[in-house]
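Inspection log for the structure reproduced underneath, given as structure tokens.
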Amino acid sequence: MHPHRIFLPMNKKKRNIILGIGLAIILLGATFGGIVYHYFFARPFQITETAYIYIDRDDNIDSVYQKITLIGQPKQMFGFEYQAEKNGYAQRIRTGRYAIKPGDNMRYLYRRLAMGYQTPVKLTVGSVRTLDRIARNTGRQLMIDSIEVARLMADTAYIRSIGYSKETLPALFIPNTYEVYWDMSAEDFINRMVKEHKAFWNEKRMQQAQAIGLTPTEVSTLASIVEEETANQAEKPIVAGLYINRLKRGMLLQADPTVKFSMQDFGLKRILFKHLEVDSPYNTYKYAGLPPGPIRVPSFQGLESVLNYTKHNYLYMCAKEDFSGTHNFATNSAQHAANARRYQQALNRRGIR
């Protein structure tokens with residue numbers, strides 16, 4: 001028979017000391033951990049306003065570190081580097097435009113970049129003369145190269161699949177400023193333009209176009225001529241009404257800007273008889289009706305000027321002899337001839353040939 005072991009209760013004072021030491025160690029550990037966390041992960045960036053990091057397809061982990069350092073000016077990068085190494089960020093870098101805000105720290109920034117939480121950009125699509133200009137402007141504002149956009153717009157099979165041809169494609173674009181992601185692809189860009197085109201051509205505008213007897217593409221084509229004829233906003237609905245009058249009467253449009261487009265000479269200051277003979281379906285002095293497509297990307301105001309054209313009896317227009325950029329309008333050929341004579345004389349006085 002074994003003797004019974006006797007357990008004596010621990011001295012209360014001794015027990016309290018041990019508990020105190022244990023608690024102190026825990027508190028010290030927590031405090032140290034908090035200091036480490038704050039120093040390496042939670043220290044805010046040294047910026048006073050929001051800055052942006054652009055990460056493109058050519059970036060690697062080192063270039064990402066460099067961009068963060070240059071833009072965010074952190075005291076050190078350990079917090080980001082630790083998270084990146086731990087989670088394999090180098091193997092799955094996400095392109096895009098990312099914000100660093102005052103008060104942000106390494107933890108928040110890493111999460112934003114790793115998860116692809118981008119900040120959108122404002123993309124401006126302008127009223128320009130050529131699709132090449134659309135491509136170049138887009139390439140300057142987004143990650144995609146202008147060549148990618150130009151190549152896609154020149155792909156006849158692709159543009160046919162979205163309902164356009166080389167001639168009618170300018171009608172797709174509705175000039176405006178859009179919120180998009182900086183790293184969108186060329187296909188994403190065109191798809192967004194298709195979406196915005198459909199949004200613009202709502203039921204009301206479709207009814208307005210049908211009342212005139214034009215399709216949306218034809219409205220855009222006529223608007224492009226109006227845009228080239230005058231920069232005066234108040235005149236645009238009047239000019240649109242004039243051409244609609246001519247279309248309804250089966251008259252040649254005889255729009256000088258279509259001659260310039262036919263010759264691809266947008267700087268031509270004086271249209272001569274020899275210019276009117278250029279054989280092109282865009283030359284409205286030779287071919288009746290609207291040209292095959294827009295001669296530029298018309299502005300929002302240009303499109304609206306056609307849809308809300310001014311009803312009048314004008315059939316002729318001629319630039320004013322004061323070179324104000326506005327026009328004299330006429331209802332008959334005799335009145336127009338007098339207006340044209342004054343303008344020709346003004347050109348001669350200025351030596352414009």
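What to note about this one:
- Under the condition of being closer than 17 Å to THR215 by Cα and touching a residue at least 24 places away in the same chain (Cβ under 8 Å), the residues counted in segment 235-245 number 4.
- Test: VAL121 is in contact with a Ser or Thr (Cβ under 6 Å, 6 or more places away or on another chain), within 21 Å of MET184 (Cα to Cα) and of a type in the set (A, V, I, L, M, F, W, C): no
- Contacts under 9 angstrom Cβ, first residue in segment 175-192 being within 21 Å of TYR158 (Cβ to Cβ) and without any contact (Cβ under 8 Å) to a residue 12 or more places away in the chain, partner of a type in the set (Gly, Ala, Ser) and crowded, with 20+ Cβ neighbours inside 10 Å, 6 or more apart: none
- Among the residues of segment 145-196, those that are β-branched (Val, Ile, Thr) and open to solvent by 40 Å² or more (accessible area, probe 1.4 Å) comprise ILE147, THR156, ILE162, THR177.
- Extreme residue, nearest to the chain's Cα centre (by Cα), among residues of segment 214-234 that are open to solvent by 30 Å² or more (accessible area, probe 1.4 Å) and within 14 Å of GLY289 (Cβ to Cβ): THR217
- Checking each residue in segment 305-338 for being touching a Pro at 6+ places or on another chain (Cβ under 8 Å) and surrounded by fewer than 20 Cβ atoms within 10 Å (Cβ to Cβ) picks out ASN308, THR310.
- Breaking point among (1) over 28 Å from ASN176 (Cβ atoms); (2) part of a loop (DSSP other than H, G, I, E, B), for GLN335: (2)
- Scanning segment 71-91 for any residue that is at pLDDT below 90 and within 30 Å of the chain's Cα centre (by Cα) turns up at least one such residue.
For (1) assigned to a loop (DSSP other than H, G, I, E, B); (2) surrounded by fewer than 21 Cβ atoms within 10 Å (Cβ to Cβ); (3) of a type in the set (A, V, I, L, M, F, W, C), each residue gets a yes or a no:
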residue: LYS204; (1), (2), (3): no, yes, no
residue: GLN207; (1), (2), (3): no, yes, no
residue: LEU268; (1), (2), (3): yes, yes, yes
residue: LYS286; (1), (2), (3): yes, yes, no
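- Hey, SER280 among the polar types (S, T, N, Q), under 25 Å from ILE352 (Cβ atoms) and surrounded by 20 or more Cβ atoms within 10 Å (Cβ to Cβ) or not: no
- Set side by side, the residues ILE53, ILE93 differ, and just one is in contact with a strand residue (DSSP E or B) (Cβ under 9 Å, 6 or more places away or on another chain), within 25 Å of SER185 (Cβ to Cβ) and assigned to a loop (DSSP other than H, G, I, E, B), which is ILE93.
- Count of residues meeting criterion [open to solvent by 60 Å² or more (accessible area, probe 1.4 Å) and either on the phi > 0 side of the Ramachandran plot or touching a residue at least 40 places away in the same chain (Cβ under 8 Å) (or both)] in segment 252-266: 2
- Residue within segment 236-245 that is open to solvent by less than 40 Å² (accessible area, probe 1.4 Å), under 16 Å from PRO298 (Cα atoms) and either modelled with pLDDT under 95 or of a type in the set (S, T, N, Q) (or both) present: no
- Meets criteria (on the phi > 0 side of the Ramachandran plot, surrounded by fewer than 13 Cβ atoms within 10 Å (Cβ to Cβ) and without any contact (Cβ under 8 Å) to a residue 40 or more places away in the chain) for GLY88: yes
- Any hit, segment 164-171, residues being of a type in the set (Lys, Arg) and under 20 Å from TYR52 (Cβ atoms): no
- Qualifying residue in segment 116-127 (condition: open to solvent by 60 Å² or more (accessible area, probe 1.4 Å) and part of a helix (DSSP H, G or I)): no
The values are calculated or read from the model by the stated rules, or taken from the named source; none is laboratory data. As the structure is a prediction and not an experimental result, all values here were calculated from the model. All Cβ positions, even for glycine, are placed from backbone atoms using ideal geometry, and neighbour counts span all protein chains on display. Surface areas here come from the heavy atoms of the whole protein model, side chains and all, with no ligands, DNA or RNA. Shrake-Rupley method; radii C 1.70, N 1.55, O 1.52, S 1.80 Å.
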